[in-house]
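The values are calculated or read from the model by the stated rules, or taken from the named source; none is laboratory data. Bear in mind the structure is a predicted one, so any value in this text is a computation, not a measurement. Note that each Cβ is placed from the backbone with ideal geometry, even for glycine, and that neighbours are counted across all protein chains shown. Each accessible area value is taken on the protein alone, full model and side chains, heavy atoms only, with ligands, DNA and RNA left out. Shrake-Rupley method; radii C 1.70, N 1.55, O 1.52, S 1.80 Å.
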Amino acid sequence: MRSLYLLLLTIFSMCCISLAHYSPQDFLDPHNEARAEVGVGPLSWNDTLEAYAQNYANSRIQDCNLVHSYGPYGENVAEVYGEMTATDAVKLWVAEKPNYDHNSNSCVNGACLHYTQVIWRDTVHLGCARAVCNNGWIFVICSYDPPGNIEGQRPL
């Protein structure tokens, strides 16, 4: 009986450690740090966006393809084999900052639309989720409302 208890405790501990880096605050903090750097107000957590993101992440479990949902919200997605924390995912998107040219309002030398969604001035709500795919990859999605990256508009 004691060995069963220890086994269950170990499994529970591993579960909680794995999920510990995916709290709403774990997503909000790096988003709001990037936004503060450019003088944009903070995002707040939205349970509806989180539910939307979790539903979509769950739909990717079978194939883990890095595909957008094309839903009603702004969106960033990421995937990695192994472990990726919420902060790691947001850092991937924010790392595109050097590719955004404010003067021309365009991406130069690579992608920048993930970054501009993170800092989009009109966005106020965030909801994120993750799923562990059948192939062992981690799929992460953040949904933003109102959405950013509106053609012809500037993020700041």
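Note on surface exposure: Tyr115, Tyr81, Tyr70, Tyr100 rank Tyr70, Tyr81, Tyr100, Tyr115 by accessible area, highest first, 1.4 Å probe.
Give me the percent of the accessible area of the range 73-156 that comes from carbon and sulfur atoms, probe 1.4 Å, all protein chains in place. Its accessible area is 53 percent carbon and sulfur atoms. Within the range 57-87, whose backbone N sits under 14 Å from a point 7 Å along Cα→Cβ of Thr48? Flagged as within label range: 72-74. Taken about its Cα centre, the chain carries a charge dipole of roughly 220 debye when the Cβ of each Lys and Arg holds +1 and the Cβ of each Asp and Glu holds -1. Rank Thr116, Thr87, Thr48 by mean-square fluctuation in a GNM of the chain with C-alpha springs under 10 angstrom and give only the top-ranked residue. In the Gaussian network model the winner is Thr48.
When the chain is fully extended, how far beyond the present Cα-Cα distance does Asp101 get from Asp122, taking 0.36 nm per residue of separation? Each step should come with its number before you reach the end.
On the way: separation 21, 0.36 × 21 = 7.56 nm, distance 1.90 nm.
Fully extending the segment from Asp101 to Asp122 adds 5.7 nm.
Given R0 = 25 Å, the distance between the Cβ atoms of Glu83 and Val38 translates into a calculated FRET efficiency of 0.30.
Across the range 117-132, computed HN-Hα scalar couplings (Karplus, 6.51 cos²θ - 1.76 cosθ + 1.60, θ = phi - 60°) run 5, 4, 9, 4, 4, 7, 6, 10, 10, 9, x, 10, 7, 9, 9, 8 Hz from first to last residue, x flagging Gly and Pro. Per residue, the range 112-156 exposes an accessible area of 38 Å² to a 1.4 Å probe, with every protein chain left in place.
Look at where the Cα atoms of the range 21-67 and of the range 92-156 average out, and the two centres are 10 Å apart.
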